[in-house]
1. How do the strands (runs of 3 or more DSSP E) wholly within the range 10-109 filter down when requiring 2 or more residues that are among the small types (Gly, Ala, Ser), farther than 19 Å from Thr129 by Cβ and touching a helix residue (DSSP H, G or I) at 6+ places or on another chain (Cβ under 9 Å): which remain?
2. Return yes or no: is Arg136 part of a helix (DSSP H, G or I), open to solvent by 50 Å² or more (accessible area, probe 1.4 Å) and more than 19 Å from Leu14 (Cα to Cα)?
3. Out of all the residues in the range 110-132, which are open to solvent by 50 Å² or more (accessible area, probe 1.4 Å) and in contact with a helix residue (DSSP H, G or I) (Cβ under 8 Å, 6 or more places away or on another chain)?
4. Filter the range 50-68 for residues that are open to solvent by 10 Å² or more (accessible area, probe 1.4 Å) and under 12 Å from the mean Cα position of the chain (by Cα) and give the result.
5. If the Cβ limit is 8 Å and pairs must be 6+ apart or interchain, which residue in the range 148-168 that is over 17 Å from Val89 (Cα atoms) and polar (S, T, N, Q) pairs with which residue that is modelled with pLDDT of 90 or more and outside any strand (DSSP E or B)?
6. Which ones in the range 1-38 are hydrophobic (A, V, I, L, M, F, W, C), within 18 Å of the chain's Cα centre (by Cα) and within 19 Å of Gly49 (Cα to Cα)?
7. I need the full set of residues from the range 154-180 which are at pLDDT below 80, open to solvent by 50 Å² or more (accessible area, probe 1.4 Å) and closer than 14 Å to Arg117 by Cβ, in order please.
Amino acid sequence: MILVRAEEADLPRLIKFRTDAAAWLAQRGSDQWAKPFPASHILDSIRRGEVYLVRQHLVGDALATITVDRDADPQLWTPEERRAPAFYVHKLAVDRTAAPAGLGTRLLNWAGDYAARHGADWLRLDAWTTNDRLHRYYLDHGFAHVRTATDPGVVSGWAAQRSAALHASHGFMPAWVPAAGDGEDSAQRSHSAVPSRPAR
């Protein structure tokens, strides 16, 4: 499997990940992601190079998506915590009809690896406040619950973190040539020199 940086043309697929996930969650009594997320915010993340897609091949439909950035929510993290080097996971979603088992785990391991290679101490995330099943998933994957926001206006208020660590076992090949300072050593740059996927 390969990991590609999302392009603006991928916006409809990224929105579909959210609507499909919201429908699946609604069938299980959760209101997570029921309200559409502003497409302009997703586009901004794409343009900053923070949004990734998993594909089986360079062309073909995406199997999963993850956004990784340094955007710490001040409603969830203290000033001292925000000063610590950390990356934050957002909008992790998989195609439940096509993705292999364990793909979410591999993406979290990739994100921790990415964070560690960029000098971060922590990989952090926030989860839907009322989604206890999702909380257990992250706890089972090594995250420690830090706090839950008490403001009812913060719907994704369950904050957690785990140490950033190298995870070569994630098995993803990035479909771009990492630039200097992109967190890859020279051996990885040689292994990762895969041409960008063709424009569609």
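1. Numbers: elements: 51-55, 62-69, 86-94.
Here the list reads 62-69.
2. Values: part of a helix (DSSP H, G or I): yes; open to solvent by 50 Å² or more (accessible area, probe 1.4 Å): yes; more than 19 Å from Leu14 (Cα to Cα): yes.
For Arg136, the condition - part of a helix (DSSP H, G or I), open to solvent by 50 Å² or more (accessible area, probe 1.4 Å) and more than 19 Å from Leu14 (Cα to Cα) - is met.
3. Once the filter is applied, which keeps residues that are open to solvent by 50 Å² or more (accessible area, probe 1.4 Å) and in contact with a helix residue (DSSP H, G or I) (Cβ under 8 Å, 6 or more places away or on another chain), the range 110-132 yields only Trp122.
4. We begin by selecting, within the range 50-68, every residue open to solvent by 10 Å² or more (accessible area, probe 1.4 Å); these are 50, 56-61, 63.
Of everything in the range 50-68, just one residue is open to solvent by 10 Å² or more (accessible area, probe 1.4 Å) and under 12 Å from the mean Cα position of the chain (by Cα), namely Glu50.
5. Note: pairs meeting the criteria are Thr150/Gly157.
6. Scanning the range 1-38 gives Ile2, Leu3, Val4, Ala6, Leu11, Leu14, Ile15, Phe17, Phe37.
7. Ala168, Ala179, Ala180, listed by residue number.
The values are calculated or read from the model by the stated rules, or taken from the named source; none is laboratory data. Treat the numbers as computed from the prediction; the structure is a model and nothing was measured. Using ideal geometry, Cβ is built from the backbone for each residue, glycine included, and neighbour counts are taken over all protein chains shown. The protein model used for the area step is the full one, side chains on, heavy atoms only, and it has no ligands, DNA or RNA in it. Shrake-Rupley method; radii C 1.70, N 1.55, O 1.52, S 1.80 Å.
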